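Below is one structure, written out as structure tokens; comments come after it.
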Amino acid sequence: MTEITVIDEMPQLVAGMKRKGHYREIAEMLPDLFQYVMSQKAIIVGHPLFLCHETGVEEAKRADEAGNADIEVCVPVAKRIPENDKIKCYELCGGKMAKTVHKGPYQECESTYMKLFAWLQENNYKIVGPIREGYVNDPREVAPEEILTIIYVPIG
């Protein structure tokens, strides 16, 4: 069973970008974001994140299929960097979150999400903000079965 804990996440300064599209575009957006952040000589202070603004599995599937999913990726930085038309620097809110870790390919996260959503319902928690995925390691450097994704769900 996947362990689920409740944590109090601190707000963090991030550089991020948003667009509408398919979730597969995350793999294109993150390198663009990192390239810009590194060009600004920013100090990265955490793993990259994807924020899912769709509120449930079915809504997310429909948005992805239609190509109009709200996709937001960001990376925590030590201090504010200059913005441009695509990349903004802002504070990502903190708060009470359910946290779990998925180990394995990104495409197989659904079972972890289903366990997490069942746990939220059993414990009478409501989702109160965008779900976050934190990418701990680089899929270009580890085997697919070793990929680690931390899932954070803002709860109330």
Only Cα pairs under 8 Å and at least 6 apart count here; give the relative contact order of the chain as a rounded whole percent. 32 percent
Here the longest stretch of the chain that holds no GluC sites (Glu not before Pro) in a DSSP loop having at most 12 other beta carbon atoms within 10 Å is 4-140
In the neighborhood of C109, defined by Cβ-to-Cβ distances under 11 Å, what is the net charge if each Lys or Arg adds +1 and each Asp or Glu adds -1? -1
Expressed per residue, the solvent accessible area of the chain in Å² (1.4 Å probe) is about 57 Å²
Unsatisfied cross-links (Cα-Cα over 24 Å) in the set K18/K115; K99/K126; K41/K99: K18/K115; K41/K99
Can you compute 3J(HN,Hα) from phi for each residue in segment 67-81, using the Karplus curve 6.51 cos²θ - 1.76 cosθ + 1.60 with θ = phi - 60°, rounded to whole Hz and x for Gly and Pro? x, 10, 5, 7, 10, 10, 10, 8, 9, x, 10, 6, 8, 4, 10
Want the number for Q35 to M114: 0.36 nm per residue separation, take away the alpha-carbon distance, what's left? 25.0 nm
Cα-based shape type of segment 57-99, given that a ≥ b ≥ c are square roots of the gyration tensor eigenvalues and the cut on a/c is 1.5: oblate
What FRET efficiency comes out for K18 versus E146 if R0 is 41 angstrom and r is the Cβ-Cβ distance? Round to the nearest 0.05. 0.90
GNM on the chain, C-alpha springs below 10 Å: top fluctuator among M29, M97, M114? M114
Within segment 71-128, list the trypsin sites (Lys or Arg not before Pro) lying in a DSSP loop whose Cβ has at most 16 other Cβ atoms in a 10 Å radius. K79, R80, K86, K126
On the full set of protein chains, 1.4 Å probe, figure out the accessible area of M10 and give it in Å² to the nearest 10. 130 Å²
If you roll a 1.4 Å probe over the chain with all protein chains in place, what percent of the accessible area is carbon or sulfur? 52 percent
How many angstrom lie between the Cα centre of segment 65-113 and the Cα centre of segment 1-51? 5 Å
In range of the label at N137: residues from segment 1-32 whose backbone nitrogen is under 19 Å from the point 7 Å along Cα→Cβ: 2-3
Taking every eigenvalue of the Cα gyration tensor of the chain, multiplying by 5 and rooting it, what semi-axes result, largest first, whole Å? 25, 18, 16
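The values are calculated or read from the model by the stated rules, or taken from the named source; none is laboratory data. None of the values given here were measured: they were computed from a predicted structure. Note that we place each Cβ from the backbone using ideal geometry, even for glycine, and neighbour counts take in every protein chain shown. We work out accessible area using only protein heavy atoms, side chains counted, and drop any ligands, DNA or RNA first. Shrake-Rupley method; radii C 1.70, N 1.55, O 1.52, S 1.80 Å.
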